[in-house]
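The values are calculated or read from the model by the stated rules, or taken from the named source; none is laboratory data. Note that the coordinates shown come from a computational prediction; the quantities given were computed from them, not determined experimentally. Here the Cβ positions follow ideal geometry from the backbone for every residue, glycine too, while neighbour counts run over all protein chains shown. Accessible surface areas use protein heavy atoms only, side chains included; no ligands, DNA or RNA. Shrake-Rupley method; radii C 1.70, N 1.55, O 1.52, S 1.80 Å.
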Amino acid sequence: MSGEPGQPQAGPSHAGLDWPNPPRERAGVPGGVIRRAGAPGPRSWIQKVLEQITGSPRQWVTPSEVVPVTVLAVQRYLLEDEPRDTVPKPPLYCYDVTISDGVYQEKCYLDPSLNSLVNQNILKVGIEMKISRVSCLYNEKRVGQGILCIDNVHCGETLDAISLETPFRNRAHEEKPERPLRGGKSHYLALWNNEDPYGDIWLTNKQPEEYNFNDIKIISLSHLEMTWANRRNFPALLVRILYKSKLRYYGKPDKKMIEPYQTFLEVADSSGTVSVIMWNALCPEWYKSLRVGLVLLLQDYSVKKSYPFRMQPLPVDPQIKLISTMEICLNLRDPPTNIIIIPEKQVKPEWRLPKLNHRFITRSELDDMPDNSICDVIGMLAFVGRVQRSKKKENREDFWSYRWIHIADGTSDLPFIVELFSTSQPEIFENIYPMTYFVCTQLKVVRNDAQVPKLLYLTTTNESRVFITGHRGQPYTYDTKNANQPSTSQAAREQNHSQERDGKQHRDDGPANSQYCQTTSTGLSPSKKRRILQGPNNKPVAVPQPEASAQAKGNRHGMPSIFQRPENTSANSTGKARKTITDKWESQLWKEKKFDLIDHLHYSRVYPESIPRKFSLEHRKFLTQQYNSQPAKYIPPEGRPPKLDEFKSARSLGHFEVTILGLNHEIAIDVAFLPMYCAEDVRTSQIDTLLTCMNYSCVYPTEVTGNDRLPSPRALAGDIIKAATQLDRVHIIGILDICNLGNNKVEVYLQKIYCPENTS
């Protein structure tokens, strides 16, 4: 973590909003440009700093006075190698930060040494920030022009509301699309991943157009496959889009490509299915306008031998040939590809273009599907987890963005559990909430029947697409099987309304914890998660992995433990807080050793954003923002936003605080343990030990018959604490999840406990 509260912190912040500018002469280079003062109007702190630093290239300057500024935007991009670089460098992502002092706004370059502040969500939009050191980076190709660089900052608190009326200092900020201050890139990347389209370069205005086919020659895919190697010119293709992949960004510092994007389309005619690759600048121009089901006329394309290691998705019709020997390339130039969207009303039956054939399944059918099989699902969202990130490769800044969701279809008491990765559809991924009809295609089944409990969930693939609104006219609405799907039945609606009333609980950790419990909470907030293993000795210990999304690493230690259980204090619907209920047990060993520790780490606190909440349709925008990643640009709140603590918790058992003592009795750590309990989903399994409870991550009391009453959450909590006494002085392996919530907030959860057979 960077810095303590109240101490100067280095950190980045970036944004780019478009407001009116004062009538000044255009600077001539993209982004913020330092010019000598002299503009009429009120004096600003930014203007004073610019006067102070002019003439001091890359020499650090401390402003004569430090005035708080507001961060309005944080924008990310890949910096290219400088001309003097002889050895390619690893990818270096830079940030441009837009600030306002109430008079002017300025886009500044953030020194890369401060990038960690953005990565840790300390420097973000909406905060007040003090800049204690700046410098100037000049444009050597133009006299007297340069960029204001932020070299040291202190990040303050988030402001309740921010005025957006201040103009930019010069007209260079009016450029469309917005361009990074440094390097030759034409655009910014999404703030937290490289897959999502971001910015104004991504067009959406491509529409179908009537086409005269009288004087055009069309070739079939099967004929093209047989003759392409001997051709120099290729006739037009008339095909339907069957699948569309998410975006791939392949930018590197030593590659001078302006828009290094790639996406795959799987297209077909009556003779076969083939992969089409769209390259570079064509992606921003066409990606958001092309959707599955559209009919395309492709001209001036190129053909090459297919990449041997890429797996094509299954064809929608088994009778259509899968062509895997060639690929169609769509380029902006060499040759410049011509793409035309043909209106569906102009499509003739004699063309025999394939229809889409979705593989919609019900939740009850999922239990019989084999591992790695592909399916589509439709239903109502019952749970939306917080956005999380995981690294693609160690020691790199590239991340996957994902979240866990539950989809109820009314055919089973259990929901579909989906690990939803970003599908290059941020307008949907960032705006989903419970009680919404949801469609997700091309999901892969993940199952392991040998694990206890059995592992069963769905995960997105490269071709997955999601839909939440505008279902009318979508290709899947014409699927005959889908027409009778119970996914959109009254049963699903009744189930969701029941969940809204009762508030079942769930954790955000995925299939191992969630396959038995359902919820209408909006889940947990953005985090990065790392898994830690601890064991009894230095010998290798085989530890089963309960989650496919976790990363396992760390040291091995043994530990006895003590448990105490406070229930989360939260407000009810009237805003009145419940009384905290505490049960406690301490081992005798802990009583003897707790005053002689070298270090005692306290990480058992559960922050408000990590507590599942009951969903409120009235406040859906607020709740959706709370569990999304931090936006790149400041979004003004609508009215006075509520506090997260005002929403009911969906966790009736609260949480447990667990103190773990190391084998050498010198270090201890307090962590949180959050078991699930669904009063409406009682199983017959008797939880008689803590290990069993943690193995399932759920609490199931004994079966209730006749007039017997369900045990209260307090009674169940007491049973868990009693079971903890069986681990007194026992060497165990514990798996800890470490979640960085930003703003120097870290949570550590006890995910699993294992007792190794051999502790020698």
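Cα centroid separation, segment 332-381 to segment 714-755: 45 Å. Computing FRET efficiency as 1/(1 + (r/R0)^6) for residue 597 and residue 158, where r is the C-beta to C-beta distance and R0 is 51 Å, gives about 0.90.
Candidates 361, 412, 387 compared by Cα position along the dipole of segment 360-433: farthest toward the positive end lies 387, with charges placed on Cβ.
Note on surface exposure: 187, 619 rank 619, 187 by accessible area, highest first, 1.4 Å probe. Residue 586 exposes around 40 Å² of accessible area when a 1.4 Å probe is run over every protein chain in place.
Taking all protein chains as shown and a probe of 1.4 angstrom, residue 317 keeps an accessible surface of around 60 Å².
Test of understanding: what is the full-extension gain from residue 371 to residue 214, defined as 0.36 nm times their sequence separation minus their Cα-Cα distance?
51.6 nm
The order of the peptides 434-440, 46-52 by mean Cβ neighbours within 10 Å, most packed first, is 434-440, 46-52.
Annotation for segment 633-657 versus segment 117-133: alpha-carbon center distance of 23 Å.
Placing dummy labels 7 Å off each Cα toward the beta-carbon, the span from residue 257 to residue 413 is 5.2 nm. Taking each residue as 0.36 nm, the span from residue 304 to residue 588 lengthens on full extension beyond its C-alpha to C-alpha distance by 95.0 nm. Label sites at residue 726 and residue 607, each approximated as a point 7 angstrom past Cα along Cα to Cβ, lie 3.6 nm apart. Under the simplified labelling scheme, the residue 431-residue 321 pair shows an inter-label distance of 4.3 nm, with each label point 7 Å from Cα along Cα→Cβ. Over 19 Å between Cα atoms, which of 244/288; 614/722; 393/752 qualify? Long pairs (Cα-Cα over 19 Å): 614/722; 393/752. Peptides 234-243, 285-294, 378-387, 594-603 ranked from most to least packed, by the mean per-residue count of other Cβ atoms within 10 Å: 378-387, 234-243, 285-294, 594-603. Taking all protein chains together and a 1.4 Å probe, the residues 351, 60, 400 rank 60, 400, 351 from largest to smallest accessible area.
For the peptides 203-215, 303-315, 245-257, 413-425, the ranking by mean Cβ contacts within 10 Å, running from highest to lowest, is 413-425, 245-257, 303-315, 203-215.
Computed from the C-beta positions of residue 291 and residue 398, the FRET efficiency with R₀ = 25 Å rounds to 0.40.
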